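Structure, as structure tokens:
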Amino acid sequence: MTVDLRPTVIVGGGQSGLSAARAARNTGLHPLILEAGPRPAGSWPDYYDSLTLFSPARYSTMPDLPFPGDPDRYPARDEVANYLEQYAAGLGVEIRTEVRVTAVEPAERGGFVVRTAHGDGIEAAAVVAASGSFGNPYQPDIPGQDQFGGRLLHVADYRNPAPHAGNRIVVVGAGNSAIQVAYELGQVARVSLATRYPVKFVPQVIAGHDLHRWLKITGFDALPPAWLARLVNRTPVLDTGRYRAAVESGPLDRRPTFTSFTNDGVIWADGTAEPVDVVIMATGYRPNLGYLRALGALDSSGAPVHRGGVSVTHPGLVYVGLEFQRSFASNTLRGACRDAEYVTGTLGAHVRGD
């Protein structure tokens, strides 16, 4: 048996990449994290200012490092970024920041060559794609948007309500981020929430405990994707009651999504034209995996071809952090580690030549 001593390159230094590095280290591999940003904290430093975790600290912890502070609080954006940085420091693995991966190619002697924006190529025994989705925001193509004279943003570009005070704003989307941002903007502006379906709310607290306690003890958190598809047709909004009240009785005005843009606004589903200053698309993200396209690891839509996070096109290539990769919690702080342990078991066997 010949052991490949080249590193296992992990693309992305956020929660998924750090989980993968821990699992790879424990499997006997030699992880090397390449993070495009200046800190090993993934996308967390770039989210909107008021973002907090949707799950309490006790259900957001990663292996070997409890989340500091009150376990029942909901940590803020900067706290999560600092926690990830602390987690990275304790891993004892090589991390290179401000290194953006541009392509992954087959190596002549097997494995891969990882190309970076600096122009170098790193030979790797295996590759873990853990680059998340924040760098690839999804924005639907709505008629007339090229002629819209207002500001058209994705929620990835939103930071805080200050620049939007007094504006007429439409937020498109019905997920947690859409509701949180719309609610926040509603304190300083006139806001409508544009959704295809009525917003689906679920209580944040049930019988005195956060919902995530029940997700854990019932096993829902670990359900495989096939079961999730039967049980969950739309991602619900976690709510203490204030968001539902804002939608049902103001100040948030929920309407069916508009049909097109005009020069200065939108045309609603009932045919009414209205001037609008800002449209914010809270329409989600897609896996940020463009660096794998030339390798042939993606389908025609840019989605990875995998089974449970293990590539079915290229041995030695795996994924961590895909939404619903193996469970409901796959792309969360608490869930990424389980998927990382699963896929690095396959990687270990591949690199050892088992």
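The residues in region 63-109 that are out of contact with any Phe, Trp or Tyr (no Cβ under 8 Å at 6 or more places or on another chain), more than 25 Å from residue 159 (Cα to Cα) and not charged (D, E, K, R) can be counted, and the count is 13. Looking at the structure I just gave you, is residue 125 open to solvent by less than 20 Å² (accessible area, probe 1.4 Å) and in contact with a helix residue (DSSP H, G or I) (Cβ under 8 Å, 6 or more places away or on another chain)? So residue 125 fits the description; yes. Among the criteria (1) open to solvent by 60 Å² or more (accessible area, probe 1.4 Å); (2) of a type in the set (Gly, Ala, Ser); (3) closer than 23 Å to residue 269 by Cα, the one residue 117 does not fulfil is (3). Restricting attention to region 65-98, the residues that are over 17 Å from residue 13 (Cα atoms) and not small (Gly, Ala, Ser) add up to 9.
The condition (being open to solvent by less than 10 Å² (accessible area, probe 1.4 Å), under 30 Å from residue 183 (Cα atoms) and among the aliphatic types (A, V, I, L, M)) is satisfied by just one residue among 340, 329, 297, 273: 329. Pull up region 109-126, narrow it to residues that are among the small types (Gly, Ala, Ser) and closer than 22 Å to residue 313 by Cα, then point me to the one that is nearest to the chain's Cα centre (by Cα). Across region 109-126, the extreme among qualifying residues is 126.
Where strands (runs of 3 or more DSSP E) fall wholly inside region 1-111, no range has 1 or more residues that are without any contact (Cβ under 8 Å) to a residue 40 or more places away in the chain and buried (at least 16 other Cβ atoms within 10 Å of the Cβ). Checking the structure you have, find out if any residue of region 271-282 is out of contact with any Lys or Arg (no Cβ under 9 Å at 6 or more places or on another chain), on the phi > 0 side of the Ramachandran plot and free of Cβ contacts under 8 Å to residues at least 12 places away in the same chain. Looking for residues that are out of contact with any Lys or Arg (no Cβ under 9 Å at 6 or more places or on another chain), on the phi > 0 side of the Ramachandran plot and free of Cβ contacts under 8 Å to residues at least 12 places away in the same chain, one finds at least one in region 271-282, hence yes.
What number of residues within region 263-304 are among the polar types (S, T, N, Q) and farther than 20 Å from residue 157 by Cα?
Taking region 263-304 as the starting set, the residues that turn out to be among the polar types (S, T, N, Q) are 263, 272, 283, 288, 300-301.
With the extra rule that they be farther than 20 Å from residue 157 by Cα, the set shrinks to 263, 272, 300-301.
The total comes to 4.
Conditions (1) at pLDDT below 95; (2) over 19 Å from the mean Cα position of the chain (by Cα), marked per residue:
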position: 276; (1), (2): no, yes
position: 285; (1), (2): yes, no
position: 304; (1), (2): no, no
position: 308; (1), (2): yes, no
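Taken over region 248-269, the criterion of being more than 19 Å from residue 185 (Cβ to Cβ) and open to solvent by 70 Å² or more (accessible area, probe 1.4 Å) is satisfied by 256, 259, 263, 264. If you go through region 112-128 and keep only what is of a type in the set (A, V, I, L, M) and part of a strand (DSSP E or B), you end up with 113, 114, 122, 124, 126, 127, 128.
Close Cβ contacts (under 6 Å, 6 or more residues apart or on different chains) running from residues in region 319-341 that are of a type in the set (D, E, K, R) to residues that are part of a loop (DSSP other than H, G, I, E, B) comprise 323/331; 326/308; 334/60; 339/309; 339/320; 339/325; 339/326; 339/330. Applying a threshold of 6 Å to beta carbon distances and a minimum spacing of six or more residues, or different chains, the list of pairs starting in region 129-154 at a residue that is within 30 Å of residue 310 (Cα to Cα) and open to solvent by 60 Å² or more (accessible area, probe 1.4 Å) and ending at one that is of a type in the set (Lys, Arg) and part of a loop (DSSP other than H, G, I, E, B) reads 138/286.
The values are calculated or read from the model by the stated rules, or taken from the named source; none is laboratory data. Please read these numbers as outputs of a predicted model, since none were measured by experiment. Glycine also receives a Cβ, built like all others from the backbone with ideal geometry; neighbour counts cover every protein chain displayed. For accessibility, only protein heavy atoms count, side chains too; no ligands or nucleic acids. Shrake-Rupley method; radii C 1.70, N 1.55, O 1.52, S 1.80 Å.
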